[in-house]
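Heads up, the thing below is written out as structure tokens.
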Protein chains: 2
Amino acid sequence: MPEDAEQLLRQHGITVTAQRLAVLRAVTEKPHRTADDLAEAVRSMIGAISRQTVYSALQELAERGLIRRIQPANSPARYEDRIGDNHHHLICRNCGAVVDVDCPVGAAPCLKPCDDAGYAIDEAEVIYWGRCPACISDAGATAQRNSDPTNHS
Amino acid sequence: MPEDAEQLLRQHGITVTAQRLAVLRAVTEKPHRTADDLAEAVRSMIGAISRQTVYSALQELAERGLIRRIQPANSPARYEDRIGDNHHHLICRNCGAVVDVDCPVGAAPCLKPCDDAGYAIDEAEVIYWGRCPACISDAGATAQRNSDPTNHS
DNA sequence: ACCAAAAACTAGACATTGTCCAATACTGGA
DNA sequence: TCCAGTATTGGACAATGTCTAGTTTTTGGT
């Protein structure tokens, strides 16, 4: 099975290493996790990885377009492998859970501002903020931030 | 002139202090600045202010709805006093310049996702990413990040 | 297979942004 | 004016990410 991933990396001009394969797999297995969570996941796959390597692997993968980094306010960056379809995100203000939502419009940039002020716009990033079903039913009582802000898509 | 601002704070249930007046004035004078920039501005008004006070003043003002905090990726939080009109932002990937853009739709939440996944959505945050006119004409040559990512609206 | 060059990995120090806390100073109402 | 309640301050701390120098691994040619 690792064949596929190896091919993928090579096709994108990325040299193949155990660390990068594991990082990519971790992102794929459960999207919207933080660098730290991913490092943990990778450790359970290959035993050990340094923090720095996780960061550089994620950066490399993101630069080459294999994964996408999302950086919600009040949260460390998160990563996902669903790319190229211009979807957006819905984030719970209370627990930080992230879910994907399809773009209501279409291809990027999915929105054009009335006045672009001379900017060359390449992306319209949309984040919907609200409360997730779990936090709504918890009625703001015991709910804390960061219960499991990941694979809710 | 400070009369107005004092009234404003009192009306919003905020106790009036020299620091808060200065912070509010700093935000108003030049929007989209960071806490650090604002601290500098305040110091030139009233001589001195602690970092912590700037942060708590900004938080207080934001909570009471007098100012709004925006937190673009790869940038410290920025603050603006234009509130209640659901406008969005256009940010230069190269220099970080921020400009306001009017919401192409109207009142918040200005967009409804097709599938809200059971979330109670209260805001759709839109950030347009691109390159500002200055960075376009600099043709990626000498341009560095953070030339003056502020009052370009 | 082997070797050299290039690239990636690692650990640790460092940078930035923001928060916590306890002591002191100020504000607003009686 | 005095007092209780707030706000301010500075210093330590926390979270996330980056830099760097040295070591290890991968790659491509023999």
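The selection criterion, being β-branched (Val, Ile, Thr) and at pLDDT 70 or above, holds for B:Val101. The number of residues in the stretch B:14-38 that are more than 10 Å from DNA strand C (Cβ to nearest atom) and more than 14 Å from every other protein chain (Cβ to nearest Cβ) comes to 11.
The set of residues in the stretch B:44-63 being closer than 14 Å to B:Leu21 by Cβ and among the charged types (D, E, K, R) consists of B:Glu60 alone.
Going by what's in this entry, would A:Ala22 be described as over 30 Å from B:Val126 (Cβ atoms) and buried (at least 20 other Cβ atoms within 10 Å of the Cβ)? Yes. Within the stretch B:76-95, if we keep just the residues that are more than 18 Å from B:Ala41 (Cβ to Cβ) and more than 9 Å from chain A (Cβ to nearest Cβ), the residue that is farthest from the chain's Cα centre (by Cα) turns out to be B:Asn94.
Give me the residue from the stretch A:33-55 that is among the basic types (Lys, Arg) and without any contact (Cβ under 8 Å) to a residue 24 or more places away in the chain and, out of that set, farthest from DNA strand D (Cβ to nearest atom).
A:Arg43
Taking the stretch A:7-40 as the region of interest, how many residues are part of a helix (DSSP H, G or I) and among the polar types (S, T, N, Q)? Show your work before the answer.
If we filter the stretch A:7-40 for residues that are part of a helix (DSSP H, G or I), which is where we start, we get A:7-11, A:18-29, A:35-40.
Of the ones still in play, those that are also among the polar types (S, T, N, Q) are A:7, A:11, A:19, A:28.
Going through the stretch A:7-40 one residue at a time, the tally reaches 4.
For the stretch A:143-153, check the following and say yes or no: at least one residue is open to solvent by 30 Å² or more (accessible area, probe 1.4 Å), modelled with pLDDT under 75, charged (D, E, K, R) and not assigned by TED's automatic domain parsing to the domain that holds A:Asp36. So far as the stretch A:143-153 goes, yes, one or more of its residues are open to solvent by 30 Å² or more (accessible area, probe 1.4 Å), modelled with pLDDT under 75, charged (D, E, K, R) and not assigned by TED's automatic domain parsing to the domain that holds A:Asp36. Name the single residue that is nearest to B:Thr28 (Cα to Cα) among those in the stretch B:56-103 being within 16 Å of DNA strand D (Cβ to nearest atom) and of a type in the set (S, T, N, Q). Within the stretch B:56-103, the match that is nearest to B:Thr28 (Cα to Cα) is B:Gln59.
The values are calculated or read from the model by the stated rules, or taken from the named source; none is laboratory data. Predicted model only: the values in this text are computed from it and were never measured. FYI the Cβ positions are ideal-geometry reconstructions off the backbone, even for glycines, and counts take in every protein chain you see. Heads up: the accessible areas ignore ligands, DNA and RNA and are worked out on the full protein's heavy atoms, side chains in. Shrake-Rupley method; radii C 1.70, N 1.55, O 1.52, S 1.80 Å.
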